[in-house]
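The structure appears right after this line, and notes come after that.
The values are calculated or read from the model by the stated rules, or taken from the named source; none is laboratory data. Just so it is clear, the structure is predicted and the values come from calculations on it, not from any experiment. No Cβ is skipped: glycine too gets one built from the backbone with ideal geometry, and neighbour counts run over all protein chains shown. For accessibility, only protein heavy atoms count, side chains too; no ligands or nucleic acids. Shrake-Rupley method; radii C 1.70, N 1.55, O 1.52, S 1.80 Å.
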Amino acid sequence: MEKAEQAIAKLYGDTAGALRQSDPEFAAIKERLIYGEIYAEERLDAGLRELLILVVAVTNQTMHEVRRHVRAALRCGVPPQQIREAVYQCAPYIGLGKTEAAVEAASETLADSGIPLPLPSGYTVEEEGRLAAGIAAQKAIFGGSIDAMRAAAPDNQKNIQDYLSAYCFGDFYTREGLGLQERELLTFAILCAQGGCEPQVKAHVGGNNAVGNGKEILLGTLTVCLPYIGFPRTLNALACVNEVLPEEK
C-alpha cells in the first residue's frame, strides 16, 4: 500500500479520487492491485503504460477512467498529440460512435489542462492515397499475406477489404504522433479488452512480434490491462499469445 500511495501521488497529485471516501474498502483493493503490485513491476515505459490503459478505458467506455488516464499520461510526459492518436486508434475496432464519445472526453480533459485545441493535424496521406498507403502499412506488419487475402475476397466482399486497408490502416496507421510499433501494441490491447476477438488477437500477436513487440512486451501489456478487462479476457488473450508465440523449452 505504501507503493500504491507513492504511485497515486506521482500520477494524480494529492488526491486519489472520491472512491476512498464513498467506499474505502473497494478503493484499497483496487489501489493495492493496480498501483502497489502491477505498477511496481513496471515492465513498460510509464507513458506507454498510460496509453495502453487509456485505450482500454475507451474500449470499455469508462469515461471517468479516460479522463483519469489522460491526466496521468500528461503527468508522465506523454505529448497531447500521442494521447489523441491513442484514442483515435480505437475507432476501427470499437466503432466511430464510441470513439467519438472518448474523443470528446479526452479533449475536455486536455482543454482543462491548459492545452490549446484543436491539436495540429496528424494527416500524412492525401485522399487519393489512402488505399495504397493502408496496404503498405498492412504489409509492413503482416507481410505478403495481405495480397493473397485481398485477392481471395469474393467480388461482393472486396469493398470490405478496401475499407479495411484504406480506413483502418490508411486513415490511422499512417498518422503522425505514434509509430507502427506503438499502434500495433495499442491495437493488441483494444482487441484483448473487447473479448470475442481471439482470431484478431492472434493475428496481431504475430503482427506485434513482426514489428518488434516480442512476447515479454505483450505479457507486460496484458498485465497492466488485467485489472480493467478482468481475468476471462486476460486468460483468453494469454492463450492466444502462447499459441502464436509458445514458450521456449
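Take each peptide in 237-247, 79-89, 214-224, count the other Cβ atoms within 10 Å of every residue, and average; sorted highest first, the result is 79-89, 214-224, 237-247.
The Rg/Rh ratio for the stretch 1-66, using Cα coordinates for both the radius of gyration and the Kirkwood hydrodynamic radius, is 0.96. Based on alpha carbons, the Rg and Dmax found for the stretch 58-158 are 17.1, 51 Å. As a length-normalised measure over Cα pairs under 8 Å and 6 or more apart, the relative contact order of the stretch 136-249 settles at 26 percent. For the stretch 40-58 versus the stretch 173-249, the spacing of their alpha-carbon centroids is 13 Å.
All distinct Cα pairs of the stretch 107-198 go into the 1/r average, and the inverse of that average, the Kirkwood radius, is 15.1 Å.
Counting every pair of alpha carbons in the stretch 143-188, the share spaced more than 16 Å apart comes to 48 percent.
For a test of understanding, tell me how many lysine pairs in the chain have Cα atoms under 25 Å apart, given they are 8 or more places apart or on different chains. Lysine pair count for the chain: 10. Using a probe of 1.4 angstrom and keeping all protein chains present, the accessible surface of the stretch 186-249 works out to 44 square angstrom per residue. When the helices of the chain are scored as -39500 (n - 2.57) per DSSP H run of n ≥ 4 and the total is divided over every residue, the value at 222 nm lands at -20500 deg cm²/dmol. Counted residue by residue at 0.36 nm each, then reduced by the alpha carbon distance between them, the extension gain from Ser121 to Lys10 reaches 36.9 nm. Show log10 I(q)/I(0) for the stretch 41-117 at q = 0.13, 0.16, 0.24, 0.26 Å⁻¹, two decimals, from a solvent-free Debye sum over equal Cα scatterers. Log10 of I(q)/I(0), two decimals: -0.32, -0.49, -1.07, -1.23.
Here is what passes the span test in the chain: the DSSP H helices with alpha carbon length of 20 Å or more along the helix axis and a Kyte-Doolittle mean of 1.0 or above are 46-60. Working note: Cα atoms of the chain, range along each principal axis, descending, whole Å: 59, 52, 27.
Hey, with R₀ at 51 Å, roughly what FRET efficiency would Arg75 and Asp155 work out to, going by the Cβ-Cβ distance, to 0.05? Given R0 = 51 Å and the Cβ-Cβ separation, E is 0.50. Take the Cα of Glu108, step 7 Å toward its Cβ, do the same at Asp45, and the gap between the two points is 3.0 nm. Taking a ≥ b ≥ c as the square roots of the eigenvalues of the alpha-carbon gyration tensor, the stretch 156-249 is classed prolate because a/c is 1.5 or more and a/b outweighs b/c.
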